[in-house]
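Structure, as C-alpha coordinates:
The values are calculated or read from the model by the stated rules, or taken from the named source; none is laboratory data. Just so you know, these numbers come straight off a predicted model, no measurement behind them. Backbone-built Cβ (ideal geometry, glycine too); neighbour counts: all protein chains shown. For accessibility, only protein heavy atoms count, side chains too; no ligands or nucleic acids. Shrake-Rupley method; radii C 1.70, N 1.55, O 1.52, S 1.80 Å.
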Amino acid sequence: MQVGFIGLGSMGSAMALNLVKAGHDVRAWNRSMVAQDSIPGVTLVEHAADAFKADAVFTMLSDDPAIREVILDAGLLANARPGLTHVVTSTISIAFARELELLHEEAGIGYVSAPVLGRPNVAASGQLNILAAGKSDAVAAIEPLLAPLSKKVWRLGENPARANAAKLACNMMIAMAIEAMAEGVVLTESVGLNRADFFELILGTLFSGRAYESYSAQITERSFEPGFKAKLALKDMRLATEAGNEIGRTLPMLDAVREGLSRAVSAGLGEKDWSIMADMTVRGRDSVVSSENDLEKN
Ligand code: NAP
(Lines give C-alpha, C1' and ligand atoms only; values in the text may rest on other atoms or scores of the structure.)
Protein backbone atom coordinates (compact mmCIF):
# COMPACT_ATOMS: atom_id res chain seq x y z
CA MET A 1 0.00 0.00 0.00
CA GLN A 2 0.99 3.64 -0.36
CA VAL A 3 1.37 4.94 3.18
CA GLY A 4 1.99 8.51 4.32
CA PHE A 5 3.74 9.12 7.64
CA ILE A 6 3.83 12.43 9.50
CA GLY A 7 6.27 12.81 12.39
CA LEU A 8 9.55 10.90 12.45
CA GLY A 9 10.44 11.35 16.12
CA SER A 10 11.59 8.48 18.35
CA MET A 11 8.37 6.54 17.83
CA GLY A 12 7.43 7.60 14.31
CA SER A 13 10.77 6.74 12.72
CA ALA A 14 10.71 3.22 14.20
CA MET A 15 7.13 2.67 13.02
CA ALA A 16 7.75 4.03 9.51
CA LEU A 17 10.72 1.68 9.15
CA ASN A 18 8.61 -1.33 10.09
CA LEU A 19 6.03 -0.37 7.44
CA VAL A 20 8.83 -0.30 4.86
CA LYS A 21 10.12 -3.68 6.05
CA ALA A 22 6.58 -5.05 5.57
CA GLY A 23 6.77 -4.02 1.91
CA HIS A 24 4.79 -0.77 1.92
CA ASP A 25 5.66 2.34 -0.06
CA VAL A 26 6.16 4.90 2.74
CA ARG A 27 6.35 8.66 2.09
CA ALA A 28 7.16 10.52 5.24
CA TRP A 29 7.36 14.13 6.36
CA ASN A 30 9.12 15.56 9.38
CA ARG A 31 9.42 19.20 10.43
CA SER A 32 13.17 19.08 10.92
CA MET A 33 15.72 17.25 8.84
CA VAL A 34 16.05 13.49 9.31
CA ALA A 35 19.13 11.62 8.09
CA GLN A 36 18.08 9.32 5.26
CA ASP A 37 20.43 6.58 6.49
CA SER A 38 18.50 6.42 9.79
CA ILE A 39 15.32 5.49 7.87
CA PRO A 40 16.44 3.38 4.90
CA GLY A 41 13.67 2.79 2.37
CA VAL A 42 11.45 5.63 3.61
CA THR A 43 10.90 8.36 1.00
CA LEU A 44 11.15 11.78 2.59
CA VAL A 45 8.69 14.32 1.16
CA GLU A 46 8.94 18.10 1.30
CA HIS A 47 5.41 18.93 2.44
CA ALA A 48 3.11 17.23 4.92
CA ALA A 49 0.40 17.45 2.22
CA ASP A 50 2.41 14.98 0.09
CA ALA A 51 1.99 12.35 2.81
CA PHE A 52 -1.79 12.68 2.42
CA LYS A 53 -1.56 11.48 -1.21
CA ALA A 54 -1.71 7.85 -0.11
CA ASP A 55 -4.10 5.01 0.75
CA ALA A 56 -3.54 5.65 4.45
CA VAL A 57 -1.59 8.15 6.49
CA PHE A 58 -0.20 7.82 10.01
CA THR A 59 0.36 10.82 12.27
CA MET A 60 2.85 10.44 15.13
CA LEU A 61 3.39 14.09 16.13
CA SER A 62 3.92 15.01 19.75
CA ASP A 63 0.61 16.56 20.81
CA ASP A 64 -2.71 18.26 19.96
CA PRO A 65 -1.22 21.66 18.98
CA ALA A 66 1.28 20.05 16.60
CA ILE A 67 -1.46 18.08 14.84
CA ARG A 68 -3.69 21.15 14.68
CA GLU A 69 -0.90 23.20 13.13
CA VAL A 70 0.45 20.63 10.66
CA ILE A 71 -2.81 19.03 9.55
CA LEU A 72 -5.88 21.12 10.33
CA ASP A 73 -4.54 24.66 9.92
CA ALA A 74 -2.78 23.64 6.72
CA GLY A 75 -6.07 22.32 5.24
CA LEU A 76 -4.73 18.81 4.61
CA LEU A 77 -8.05 17.08 5.23
CA ALA A 78 -9.80 19.01 2.44
CA ASN A 79 -7.08 17.99 -0.02
CA ALA A 80 -6.64 14.36 1.06
CA ARG A 81 -6.94 11.54 -1.49
CA PRO A 82 -10.56 10.29 -1.53
CA GLY A 83 -10.89 7.00 0.32
CA LEU A 84 -7.85 7.71 2.49
CA THR A 85 -7.84 6.62 6.14
CA HIS A 86 -6.01 8.76 8.68
CA VAL A 87 -4.57 6.94 11.69
CA VAL A 88 -3.55 9.15 14.60
CA THR A 89 -1.18 7.18 16.82
CA SER A 90 -0.10 10.16 18.96
CA THR A 91 -1.33 10.44 22.52
CA ILE A 92 -3.93 13.22 22.24
CA SER A 93 -6.78 14.60 24.29
CA ILE A 94 -10.23 13.05 24.30
CA ALA A 95 -11.76 16.38 23.24
CA PHE A 96 -9.37 16.66 20.29
CA ALA A 97 -10.10 13.08 19.21
CA ARG A 98 -13.80 13.97 19.09
CA GLU A 99 -13.03 17.07 17.04
CA LEU A 100 -10.85 15.06 14.64
CA GLU A 101 -13.59 12.45 14.21
CA LEU A 102 -16.06 15.15 13.22
CA LEU A 103 -13.71 16.98 10.88
CA HIS A 104 -12.74 13.77 9.08
CA GLU A 105 -16.40 12.87 8.67
CA GLU A 106 -17.07 16.29 7.16
CA ALA A 107 -14.10 15.85 4.81
CA GLY A 108 -15.33 12.38 3.81
CA ILE A 109 -12.21 10.52 4.92
CA GLY A 110 -11.71 7.73 7.40
CA TYR A 111 -10.39 8.37 10.90
CA VAL A 112 -8.96 5.92 13.42
CA SER A 113 -7.58 6.77 16.85
CA ALA A 114 -4.75 4.30 17.44
CA PRO A 115 -2.53 5.39 20.34
CA VAL A 116 0.13 2.88 21.30
CA LEU A 117 1.63 1.22 24.37
CA GLY A 118 5.38 0.66 24.21
CA ARG A 119 8.55 2.71 24.13
CA PRO A 120 10.74 3.36 21.07
CA ASN A 121 12.63 0.06 21.45
CA VAL A 122 9.30 -1.78 21.48
CA ALA A 123 8.17 0.20 18.42
CA ALA A 124 11.43 -0.76 16.69
CA SER A 125 10.82 -4.45 17.29
CA GLY A 126 7.24 -4.21 15.95
CA GLN A 127 5.81 -5.26 19.31
CA LEU A 128 3.55 -2.33 20.23
CA ASN A 129 0.15 -2.82 21.72
CA ILE A 130 -2.17 -0.66 19.62
CA LEU A 131 -5.44 0.63 21.03
CA ALA A 132 -7.63 1.12 17.96
CA ALA A 133 -11.07 2.71 17.76
CA GLY A 134 -13.05 4.07 14.84
CA LYS A 135 -15.66 3.04 12.30
CA SER A 136 -15.25 -0.66 11.61
CA ASP A 137 -14.64 -0.19 7.87
CA ALA A 138 -11.90 2.38 8.62
CA VAL A 139 -10.23 0.09 11.17
CA ALA A 140 -10.49 -2.88 8.81
CA ALA A 141 -8.86 -0.84 6.02
CA ILE A 142 -5.74 -0.13 8.07
CA GLU A 143 -5.47 -3.37 10.06
CA PRO A 144 -2.92 -4.85 7.62
CA LEU A 145 -0.75 -1.81 8.34
CA LEU A 146 -1.07 -2.18 12.10
CA ALA A 147 0.04 -5.83 11.99
CA PRO A 148 3.78 -5.19 11.29
CA LEU A 149 3.85 -2.57 14.04
CA SER A 150 2.29 -4.55 16.80
CA LYS A 151 2.14 -7.55 19.05
CA LYS A 152 -1.60 -7.00 19.39
CA VAL A 153 -4.28 -4.62 18.15
CA TRP A 154 -6.91 -4.01 20.82
CA ARG A 155 -10.16 -3.01 19.08
CA LEU A 156 -12.04 -0.72 21.42
CA GLY A 157 -15.16 0.03 19.39
CA GLU A 158 -16.43 2.64 16.97
CA ASN A 159 -15.97 5.70 19.16
CA PRO A 160 -12.37 6.90 18.59
CA ALA A 161 -12.24 8.75 21.93
CA ARG A 162 -12.35 5.39 23.73
CA ALA A 163 -8.86 4.54 22.53
CA ASN A 164 -7.54 7.92 23.64
CA ALA A 165 -9.18 7.64 27.05
CA ALA A 166 -7.71 4.15 27.52
CA LYS A 167 -4.22 5.38 26.54
CA LEU A 168 -4.36 8.34 28.93
CA ALA A 169 -5.56 6.05 31.72
CA CYS A 170 -2.65 3.66 31.05
CA ASN A 171 -0.05 6.43 31.19
CA MET A 172 -1.63 7.90 34.30
CA MET A 173 -1.37 4.49 35.99
CA ILE A 174 2.26 4.00 34.93
CA ALA A 175 3.14 7.41 36.40
CA MET A 176 1.43 6.34 39.63
CA ALA A 177 3.44 3.09 39.63
CA ILE A 178 6.70 5.03 39.18
CA GLU A 179 5.82 7.32 42.08
CA ALA A 180 4.65 4.38 44.22
CA MET A 181 8.00 2.61 43.75
CA ALA A 182 9.91 5.78 44.60
CA GLU A 183 7.98 6.26 47.82
CA GLY A 184 8.58 2.60 48.71
CA VAL A 185 12.31 3.21 48.23
CA VAL A 186 12.18 6.27 50.50
CA LEU A 187 10.85 4.14 53.36
CA THR A 188 13.02 1.08 52.83
CA GLU A 189 16.33 2.84 52.15
CA SER A 190 15.83 4.84 55.36
CA VAL A 191 16.57 1.60 57.26
CA GLY A 192 19.37 0.50 54.94
CA LEU A 193 17.48 -1.89 52.67
CA ASN A 194 19.16 -1.96 49.29
CA ARG A 195 16.97 -0.64 46.46
CA ALA A 196 17.60 -3.64 44.18
CA ASP A 197 16.69 -6.07 46.98
CA PHE A 198 13.47 -4.18 47.69
CA PHE A 199 12.49 -4.31 44.02
CA GLU A 200 13.31 -8.01 43.82
CA LEU A 201 10.91 -8.51 46.73
CA ILE A 202 8.01 -6.54 45.26
CA LEU A 203 8.43 -7.93 41.74
CA GLY A 204 8.52 -11.48 43.10
CA THR A 205 5.48 -11.03 45.33
CA LEU A 206 2.93 -8.26 44.94
CA PHE A 207 3.78 -6.34 41.77
CA SER A 208 5.01 -8.50 38.92
CA GLY A 209 3.58 -6.30 36.12
CA ARG A 210 5.44 -4.90 33.12
CA ALA A 211 5.44 -1.27 34.32
CA TYR A 212 6.97 -2.27 37.64
CA GLU A 213 9.59 -4.44 35.96
CA SER A 214 10.87 -1.89 33.49
CA TYR A 215 10.71 1.23 35.62
CA SER A 216 12.17 -0.41 38.75
CA ALA A 217 15.23 -1.19 36.64
CA GLN A 218 15.58 2.45 35.58
CA ILE A 219 15.15 3.68 39.15
CA THR A 220 17.76 1.21 40.40
CA GLU A 221 20.28 2.07 37.71
CA ARG A 222 19.44 5.80 37.78
CA SER A 223 19.29 5.58 34.02
CA PHE A 224 17.05 8.27 32.62
CA GLU A 225 17.69 8.43 28.90
CA PRO A 226 14.32 8.43 27.16
CA GLY A 227 12.31 6.29 26.53
CA PHE A 228 9.42 8.57 27.08
CA LYS A 229 10.30 12.19 27.72
CA ALA A 230 9.13 13.78 30.97
CA LYS A 231 7.75 16.75 29.05
CA LEU A 232 5.48 14.44 26.99
CA ALA A 233 4.41 12.56 30.13
CA LEU A 234 3.47 15.89 31.72
CA LYS A 235 1.40 16.62 28.61
CA ASP A 236 -0.45 13.32 29.15
CA MET A 237 -1.08 14.01 32.85
CA ARG A 238 -2.53 17.38 31.87
CA LEU A 239 -4.77 15.74 29.26
CA ALA A 240 -5.96 13.20 31.83
CA THR A 241 -6.67 16.03 34.29
CA GLU A 242 -8.67 17.91 31.66
CA ALA A 243 -10.64 14.76 30.89
CA GLY A 244 -11.46 14.41 34.60
CA ASN A 245 -12.45 18.08 34.81
CA GLU A 246 -14.78 17.68 31.82
CA ILE A 247 -16.82 15.16 33.78
CA GLY A 248 -16.55 17.12 37.02
CA ARG A 249 -14.09 14.76 38.74
CA THR A 250 -10.81 15.44 40.45
CA LEU A 251 -8.39 12.54 40.72
CA PRO A 252 -6.04 13.09 43.68
CA MET A 253 -3.33 10.60 42.71
CA LEU A 254 -3.27 12.05 39.22
CA ASP A 255 -2.80 15.53 40.74
CA ALA A 256 0.21 14.23 42.69
CA VAL A 257 1.99 12.66 39.71
CA ARG A 258 1.21 15.63 37.46
CA GLU A 259 2.83 17.92 40.04
CA GLY A 260 5.83 15.57 40.31
CA LEU A 261 6.37 15.65 36.55
CA SER A 262 5.81 19.39 36.47
CA ARG A 263 8.60 19.83 39.04
CA ALA A 264 10.89 17.66 36.90
CA VAL A 265 10.18 19.68 33.77
CA SER A 266 10.58 22.99 35.67
CA ALA A 267 13.97 21.74 36.91
CA GLY A 268 15.10 21.45 33.27
CA LEU A 269 14.68 17.67 33.05
CA GLY A 270 11.89 17.56 30.46
CA GLU A 271 14.04 15.70 27.92
CA LYS A 272 14.88 12.94 30.43
CA ASP A 273 12.80 9.80 30.81
CA TRP A 274 9.66 10.37 32.90
CA SER A 275 11.02 7.98 35.56
CA ILE A 276 13.26 10.91 36.56
CA MET A 277 10.25 11.84 38.72
CA ALA A 278 11.09 8.85 40.97
CA ASP A 279 14.66 10.07 41.39
CA MET A 280 13.39 13.44 42.57
CA THR A 281 11.09 11.81 45.12
CA VAL A 282 13.84 9.51 46.40
CA ARG A 283 16.31 12.36 46.76
CA GLY A 284 13.79 14.62 48.50
CA ARG A 285 11.97 17.44 46.86
CA ASP A 286 14.07 20.14 48.52
CA SER A 287 17.32 18.64 47.30
CA VAL A 288 16.00 18.09 43.82
CA VAL A 289 18.49 17.80 40.97
CA SER A 290 18.13 21.19 39.42
CA SER A 291 19.88 20.67 36.12
CA GLU A 292 21.15 18.03 33.79
CA ASN A 293 24.74 18.71 34.95
CA ASP A 294 23.71 18.19 38.52
CA LEU A 295 22.12 14.87 37.56
CA GLU A 296 25.28 13.75 35.80
CA LYS A 297 27.50 14.62 38.80
CA ASN A 298 25.36 12.52 41.12
P1 NAP B 1 9.47 12.87 19.88
O2 NAP B 1 10.62 11.95 19.68
O3 NAP B 1 9.67 14.10 20.69
O4 NAP B 1 8.89 13.26 18.43
C5 NAP B 1 7.92 14.24 18.28
C6 NAP B 1 7.59 14.44 16.82
O7 NAP B 1 6.63 15.52 16.70
C8 NAP B 1 8.81 14.86 15.98
O9 NAP B 1 8.64 14.34 14.68
C10 NAP B 1 8.68 16.39 15.97
O11 NAP B 1 9.32 17.00 14.88
C12 NAP B 1 7.18 16.52 15.83
N13 NAP B 1 6.66 17.83 16.22
C14 NAP B 1 6.50 18.32 17.45
N15 NAP B 1 5.94 19.57 17.40
C16 NAP B 1 5.76 19.83 16.09
C17 NAP B 1 5.21 20.93 15.39
N18 NAP B 1 4.72 22.00 16.02
N19 NAP B 1 5.18 20.88 14.04
C20 NAP B 1 5.65 19.81 13.37
N21 NAP B 1 6.18 18.72 13.97
C22 NAP B 1 6.22 18.74 15.32
O23 NAP B 1 8.24 12.13 20.57
P24 NAP B 1 7.87 10.57 20.55
O25 NAP B 1 8.43 9.95 21.78
O26 NAP B 1 8.13 10.00 19.22
O27 NAP B 1 6.28 10.68 20.82
C28 NAP B 1 5.36 10.96 19.78
C29 NAP B 1 3.95 10.71 20.31
O30 NAP B 1 3.83 9.34 20.74
C31 NAP B 1 3.53 11.56 21.50
O32 NAP B 1 2.17 11.88 21.44
C33 NAP B 1 3.80 10.64 22.68
O34 NAP B 1 3.01 11.00 23.80
C35 NAP B 1 3.42 9.30 22.09
N36 NAP B 1 4.05 8.11 22.68
C37 NAP B 1 5.38 8.10 22.99
C38 NAP B 1 5.93 6.96 23.54
C39 NAP B 1 7.39 6.90 23.94
O40 NAP B 1 7.73 6.02 24.77
N41 NAP B 1 8.26 7.74 23.44
C42 NAP B 1 5.15 5.81 23.73
C43 NAP B 1 3.81 5.84 23.36
C44 NAP B 1 3.27 6.99 22.83
P45 NAP B 1 10.88 17.45 15.01
O46 NAP B 1 11.68 16.19 14.77
O47 NAP B 1 11.03 18.46 13.95
O48 NAP B 1 11.05 18.00 16.40
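A quick yes/no check of all residues on (1) out of contact with any Asp or Glu (no Cβ under 7 Å at 6 or more places or on another chain); (2) among the hydroxyl-bearing types (Ser, Thr, Tyr); (3) open to solvent by 40 Å² or more (accessible area, probe 1.4 Å):
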| site | (1), (2), (3) |
| --- | --- |
| ILE94 | yes, no, no |
| SER113 | yes, yes, no |
| ALA124 | yes, no, yes |
| ALA140 | yes, no, yes |
Fill in: Hits in region 1-38 - residues which are over 13 Å from MET60 (Cβ atoms), within 14 Å of the ligand (Cβ to nearest atom) and touching a residue at least 12 places away in the same chain (Cβ under 8 Å)
SER38
Worksheet, complete the sentence: Exactly one of LYS231, LYS235 is surrounded by 20 or more Cβ atoms within 10 Å (Cβ to Cβ), under 22 Å from the mean Cα position of the chain (by Cα) and modelled with pLDDT of 95 or more, and that one is LYS235
Practice prompt. Scan region 39-48 residue by residue and report those that are crowded, with 21+ Cβ neighbours inside 10 Å and either more than 12 Å from the ligand (Cβ to nearest atom) or over 23 Å from GLY75 (Cβ atoms) (or both).
Written response: ILE39, VAL42
Discussion item. Whether any residue in region 191-201 is within 16 Å of the ligand (Cβ to nearest atom) and either modelled with pLDDT under 95 or among the small types (Gly, Ala, Ser) (or both) is what I want to check.
Written reply: no
